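Scroll down for the structure; my scribbles are underneath it.
The values are calculated or read from the model by the stated rules, or taken from the named source; none is laboratory data. For clarity, every value in this text was computed on a predicted model and none was experimentally measured. All Cβ positions, even for glycine, are placed from backbone atoms using ideal geometry, and neighbour counts span all protein chains on display.
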Protein chains: 2
Amino acid sequence: MTSRHGSRPTMNDVAAAAGVGLKTVSRVVNGESGVSPAMAARVNAAIAELGFRRNDSARLLRTGRTASIALLLEDIADPFSSALTRAVEDVAAAEGCLVFTGSSGEHPLRERELALAFCARRVDGLVVVPAGDDHSYLLPETASGTPVVFLDRPATGIAADAILSDNAGGARAGVSHLIRHGHRRIGFVGDLPQIHTSAERLRGYREAMAAAGLPVDERWIACGPTDRARVGEALTRLTTGPEPVTALFTANNRITVAALHQLPRPGERPALLGFDDLELADLLTPALTVVAQDPAALGTAAARTLFERLAGDRTPPRRIVIPTRLIARGSAESPPPARR
Amino acid sequence: MTSRHGSRPTMNDVAAAAGVGLKTVSRVVNGESGVSPAMAARVNAAIAELGFRRNDSARLLRTGRTASIALLLEDIADPFSSALTRAVEDVAAAEGCLVFTGSSGEHPLRERELALAFCARRVDGLVVVPAGDDHSYLLPETASGTPVVFLDRPATGIAADAILSDNAGGARAGVSHLIRHGHRRIGFVGDLPQIHTSAERLRGYREAMAAAGLPVDERWIACGPTDRARVGEALTRLTTGPEPVTALFTANNRITVAALHQLPRPGERPALLGFDDLELADLLTPALTVVAQDPAALGTAAARTLFERLAGDRTPPRRIVIPTRLIARGSAESPPPARR
C-alpha cells in the first residue's frame, strides 16, 4: 500500500509509464470522454502501478480558492432542507464547486461550531439556515472576504444577504382563505416564537384577522416545539371546551404532520390548512390544503447570490423574498358547524 | 477589507491584543464554552480588528488528514437519501469530521466525476451510493489509503465494504404477505433491472412465488424508469385486459407514489404493497402496507465502517445487511375479487 506521505508520482510519470500523451492521462484522471476503452485501461494500469492520485489542493491554493462551499441546515433529513440542498448542489455543480452540508439541529452553539469549522476549512462561501440569533461571530469571516448568505431566516448582528419565503404573505393568504369559508375562530399552531419564520407567519395570521375585522383571542395561539406531544396538547386545548376553534392553521410541515396524526377523523375535526406542502397531501381524505413554499427556488436564489458575491459583487446586502402559493384541496374549505 | 493572501495574524496576536491567555482565544475561536460574555466580546473585538481567522488546513496537512469525508448519493432531495445523510453526518460529527455531499442523479459519469473530485480534494474517505456498474476507477484511491464504503448497492470491479438492505428478503416477505391474503396473480413494478436493489427485489418476488408453488407470468413484471408516465403505462397494462393482476408490489418509494397517484380509487384497484415507507403512508385510506427500509441504520453502519477503516481496520471487505420490516396497514390485506 502506497503511503500518503511519500514522494508522489505526477501525471507526467503516468504518461511516460503508459506511453501516452499528458492530455490523455488528464482526460482519464478527470473522467472526461474522448479516450478509447483500451487506452483508458492502459492509463489506469499505469495509475494503479504508480499509485498516482490527482490532487486539486495545490492548484486551488494558488488561486486562493478551495472550490467548495458549505450549506448549514436545520436538519438535512427534513424534506424542506433536502430540497434546498439539491438546488444549492445543482448551482454549485455548474460552478465546478463541491458542497459541504451540516445540520445544526436548531442549536445555536452547533450552528456556530459548524460554521466556524467550515470557515476554518477555508470554504469559499457559506449558505446558512440560522438556528441562533447572533451571527456577529461571522464578522471576521465576512471581513476576510468569505461571503455568507442567509437562507430561510435573516441574520442578526451582521449585514448579509437573506433569501426568505414570503412567510407573512403566505400565512395571510392561508388565514384569509379560512375566513372566506366562514371561519371566525381560527387556531394558530406554530413553532417557537423566537424563530423568524414562526414570528412572520404569526404576523400574517394577525394581519389577516385584522383585515377581516375579526378579534383574536390569545388562547387561539399556541407556539412551541414541534414534537407530537406538544402539538397534541395544543390541539386538545384549541379544539375542546365551550368555544373550540372551527379551523386550524398549522404553521409548518412538522406541525401539520403531527396534527394529521392526532386530530379526530375528518368530519369530526376543524378545517385544516398547513404551511408547507407534503408529498402525499393530495392523496389524503380530504386532500390537504396548504400554503406551499418553493424550496428549490429558495436554494437556487441563495446559491446564485453566493456565487455573485464570489464573482465580486459588492453591492449592499440584498433581501430576496420568494412567493408562496395557496393550494386549495379540500381540508380547509368546509364551513364551520352551523350552531357554534 | 483584509486580503485572503496577506500575512495572517495568529492566535497569539489576538491574545496579546485582547490581553487574555491563548487558551481563552482558542475557546472563543472554536466555539467552546467556559468564556464569560464580556471576555468573549473582548476576544471577538480583537479578532475583528486584526482580521484573524482560524485555519485548520495547516494542522490537517501535518496529520495527513483533512477531517472530511464525502457522501455520494443518487439524489439528496429523495427522503431515503436525506435520511441516510443525516445518519452519516451524525457519526461524522462525533468523529470531528465534516461531510461533503453530492448527487449523481443516477448517472455513472457524474458519479465518477464527483467521486474523483472528492478524492482530489483529499477527503479521508468516501461513502458511495453507486450509480455506475464499474468502480475500478477508484482502485488508485483505495490503493493510496482512501477507504470507500458502498451503500445501498455493492461495488463492481473493486473489493470494498458494502452496506445493504435485505432487498430480496424484504420483497419475499411482502409478496408472501400478498399470497397469504389469497393473491395469485401479483404484479411487480420495479426500477431499471440493472440496478442492484431492483434486481434483488425482483429475485425476492420470484422466490416468494416459487415457495408458494405459484407460476409467474412474465407479463406481470414491469421494470423501467420510475417516472410517472412509465409507471402509469405499466399499471394500465397490468390491471386491465382479460386477466388483470389482483395485487401489486411496487418496488420503491418513487414507484409507489406514482402508483398511488394513478391507480383507480380504493375499492376499484388491486391490493397494493410498497417497498419503502412514506411519511403519510399511515394516513392514506386505506393506509399503505409497506416493506420499510431503515435508512438511518444503513447510514450509521456505512459511516461507522468507514471510520473503522480510517482507524486502521485492514480486515477483508465486509457486507452488512440491514433487515427490512413489513408494516401491515390495510392496502394489501383485501382478498382478490371472488370471480377472477
Q) List the pairs whose first member sits in the stretch B:12-37 and is closer than 17 Å to A:Cys119 by Cβ, whose second member is among the charged types (D, E, K, R) and surrounded by fewer than 18 Cβ atoms within 10 Å (Cβ to Cβ), and whose Cβ atoms are under 8 Å apart, counting only residues at least 6 apart or on separate chains? A) B:Ser26/B:Glu32; B:Asn30/A:Glu113; B:Gly31/A:Glu113
Q) So how many residues does the stretch B:264-287 have that are of a type outside the set (Gly, Ala, Ser), more than 9 Å from chain A (Cβ to nearest Cβ) and under 25 Å from B:Glu200 (Cα atoms)? A) 6
**Q.** Test result for A:Leu164, more than 16 Å from A:Arg309 (Cβ to Cβ) and in contact (Cβ under 8 Å) with a residue 12 or more places away in the chain
**A.** yes
**Q.** Selected residue (criterion: surrounded by the fewest Cβ atoms within 10 Å (Cβ to Cβ)) from residues of the stretch A:174-186 that are out of contact with any helix residue (DSSP H, G or I) (no Cβ under 8 Å at 6 or more places or on another chain) and in a helix (DSSP H, G or I)
**A.** A:Arg180
Q) From the list A:Ala87, A:Ala67, which residue is under 14 Å from the mean Cα position of the chain (by Cα) and of a type in the set (A, V, I, L, M)? A) A:Ala87
Q: For A:Glu32, indicate whether it is of a type in the set (Asp, Glu), assigned to a loop (DSSP other than H, G, I, E, B) and at the interface with chain B (Cβ under 10 Å from one of its Cβ atoms).
A: yes
(Q) Being on the phi < 0 side of the Ramachandran plot, small (Gly, Ala, Ser) and at pLDDT below 85 is the requirement here; does B:Ala58 meet it? (A) yes
Q: Determine which single condition B:Val189 fails, assuming it passes every other condition in (1) over 30 Å from B:Leu248 (Cβ atoms); (2) in contact (Cβ under 8 Å) with a residue 12 or more places away in the chain.
A: (1)
Q. How many of the residues in the stretch B:145-171 are part of a helix (DSSP H, G or I) and crowded, with 24+ Cβ neighbours inside 10 Å?
A. 3
Q) Here are B:Glu279, B:Glu333, B:Glu308: which of them is within 30 Å of B:Asp217 (Cα to Cα) and either without any contact (Cβ under 8 Å) to a residue 40 or more places away in the chain or charged (D, E, K, R) (or both)? A) B:Glu333
Q) Can you list the helices (runs of 4 or more DSSP H) found entirely within the stretch A:44-138 that contain at least 2 residues being among the polar types (S, T, N, Q) and either at the interface with another protein chain (Cβ under 8 Å from one of its Cβ atoms) or buried (at least 24 other Cβ atoms within 10 Å of the Cβ) (or both)? A) A:79-94
Q: Please give the number of the condition B:Val20 fails out of (1) within 11 Å of chain A (Cβ to nearest Cβ); (2) over 18 Å from the mean Cα position of the chain (by Cα); (3) surrounded by fewer than 23 Cβ atoms within 10 Å (Cβ to Cβ).
A: (1)
